[in-house]
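Asks: I am attaching a structure below and will ask some questions about it afterwards.
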Amino acid sequence: MTPFRVGLTGGIAAGKSTVAAWLREAGFTVIDADRIVANLYRPGGDGAALVARLFGPSFLTGAEGVHHQHLATRVFRDAVAREQLESAIHPLVKREFEAIARDASEIVVLEAPLLVEAGFAPDFDLVVTVEATPETRIRRAVERGLTPDEARKRFSAQTDETNRCAAAQMVLRNDGSLDDLHSQVESLVEEIRRRAEDA
């Protein structure tokens with residue numbers, strides 16, 4: 001049986017990971033695209049080989065894994081480099097997700113900040129985005145250790161909220177309390193189960 005697929009995306013620091021954790025607690029299989037990338041970037045991984053091919057061996061550590069800080073500095077300052085990396089890594093992420101999803105339970109969720117940008121949205125039965133105002137997101141990003149300028153650069157690496165909302169069937173707003181967000185997630189869980197049963 002093919003699992004019901006949910007694509008979960010959202011603006012950086014909007015609360016997507018919190019929603020993903022609650023969906024996992026609800027019993028859904030949740031796959032983190034960032035963790036897939038981290039595995040691809042490990043020594044000997046296809047992602048590490050890809051980075052070395054695109055940008056040179058100086059972007060690998062001595063153990064041949066990707067030097068994450070060097071790579072992040074490069075791609076968040078250079079839009080062309082970022083586009084090169086994303087266009088090359090996204091097919092690998094999709095391949096890994098498909099392999100995991102085949103063995104998933106009835107409902108599988110891919111948590112991916114670049115779900116829309118990667119062109120993945122049409123592959124899902126339901127796309128959900130978590131959104132918050134830029135001011136709220138910057139404040140949260142700074143609380144995590146980024147400077148306001150670093151936060152804005154990372155925001156600019158994503159498509160804007162309008163495009164994410166256009167691709168999504170459901171939008172969760174996270175400018176209020178955690179209780180408010182949790183209430184929205186409870187409704188989302190019910191909706192996902194209803195749609196999965198009808199699929």
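Asks: Quickly run through the range 86-107 and pick out the residues that are within 23 Å of Arg42 (Cβ to Cβ) and either of a type in the set (Ser, Thr, Tyr) or in contact (Cβ under 8 Å) with a residue 40 or more places away in the chain (or both).
Replies: Our first condition is that a residue be within 23 Å of Arg42 (Cβ to Cβ); within the range 86-107, this holds for 86-104.
Passing the criteria: Ser87, Ile89, Leu92, Val93, Glu96, Phe97, Ile100, Ala101, Ala104.
Asks: I'd like to check which helices (runs of 4 or more DSSP H) are fully inside the range 11-119 and have at least 3 residues that are surrounded by fewer than 18 Cβ atoms within 10 Å (Cβ to Cβ) and assigned by TED's automatic domain parsing to the domain that holds Pro134.
Replies: On the way: elements: 16-25, 33-40, 46-55, 68-77, 79-101.
Ranges flagged: 16-25.
Asks: Tell me whether the range 140-162 contains one or more residues that are in contact with a strand residue (DSSP E or B) (Cβ under 6 Å, 6 or more places away or on another chain) and in contact (Cβ under 8 Å) with a residue 40 or more places away in the chain. Spell out how you get there, then give the answer.
Replies: Residues of the range 140-162 that are in contact with a strand residue (DSSP E or B) (Cβ under 6 Å, 6 or more places away or on another chain), as a first pass: 161.
Okay, now just the ones that are also in contact (Cβ under 8 Å) with a residue 40 or more places away in the chain, so 161.
The answer is yes; a qualifying residue exists.
Asks: While we're looking at this one, here's another question. If a residue has to be hydroxyl-bearing (Ser, Thr, Tyr) and either over 18 Å from Gln158 (Cα atoms) or not in a helix (DSSP H, G or I) (or both) to count, how many in the range 120-143 make the cut? Give the steps one after another, and end with the answer.
Replies: Of the range 120-143, the ones hydroxyl-bearing (Ser, Thr, Tyr) are 129, 133, 136.
In the following step, the residues that additionally are either over 18 Å from Gln158 (Cα atoms) or not in a helix (DSSP H, G or I) (or both) were identified as 129, 133.
Number of matching residues: 2.
Asks: Another question, then. Can you pull out every residue in the range 60-70 that is in contact (Cβ under 8 Å) with a residue 24 or more places away in the chain and either under 14 Å from Ala157 (Cα atoms) or not hydrophobic (A, V, I, L, M, F, W, C) (or both)? Even if it seems obvious, please write down each step before you answer.
Replies: Residues of the range 60-70 in contact (Cβ under 8 Å) with a residue 24 or more places away in the chain: 65-66, 68.
Matches in the range 60-70: Gly65, His68.
Asks: If a residue must be within 16 Å of Thr18 (Cβ to Cβ) and not in a helix (DSSP H, G or I), how many such residues does the range 171-199 contain? Before you say what the answer is, go through the steps one by one.
Replies: First, the residues of the range 171-199 that are within 16 Å of Thr18 (Cβ to Cβ): 171-189.
From the residues that got through so far, the ones that are not in a helix (DSSP H, G or I) too are 171-177.
Final tally of qualifying residues: 7.
Asks: If you don't mind, another one. Would you tally the residues in the range 91-127 being over 18 Å from Gly10 (Cβ atoms), among the hydrophobic types (A, V, I, L, M, F, W, C) and out of contact with any helix residue (DSSP H, G or I) (no Cβ under 9 Å at 6 or more places or on another chain)?
Replies: 3
Asks: Provide a single number: the residues in the range 172-188 that are touching a residue at least 40 places away in the same chain (Cβ under 8 Å) and surrounded by fewer than 17 Cβ atoms within 10 Å (Cβ to Cβ).
Replies: Of the residues in the range 172-188, the ones touching a residue at least 40 places away in the same chain (Cβ under 8 Å) are 172-175, 178, 181-182, 185, 188.
Going one step further and asking which of them are surrounded by fewer than 17 Cβ atoms within 10 Å (Cβ to Cβ), we end up with 173, 175, 178, 182.
Number of matching residues: 4.
The values are calculated or read from the model by the stated rules, or taken from the named source; none is laboratory data. The structure presented is a predicted model; accordingly, all values stated were derived computationally and were not measured. Every residue, glycine among them, receives a Cβ derived from its backbone with ideal geometry; neighbour counts consider all protein chains shown.
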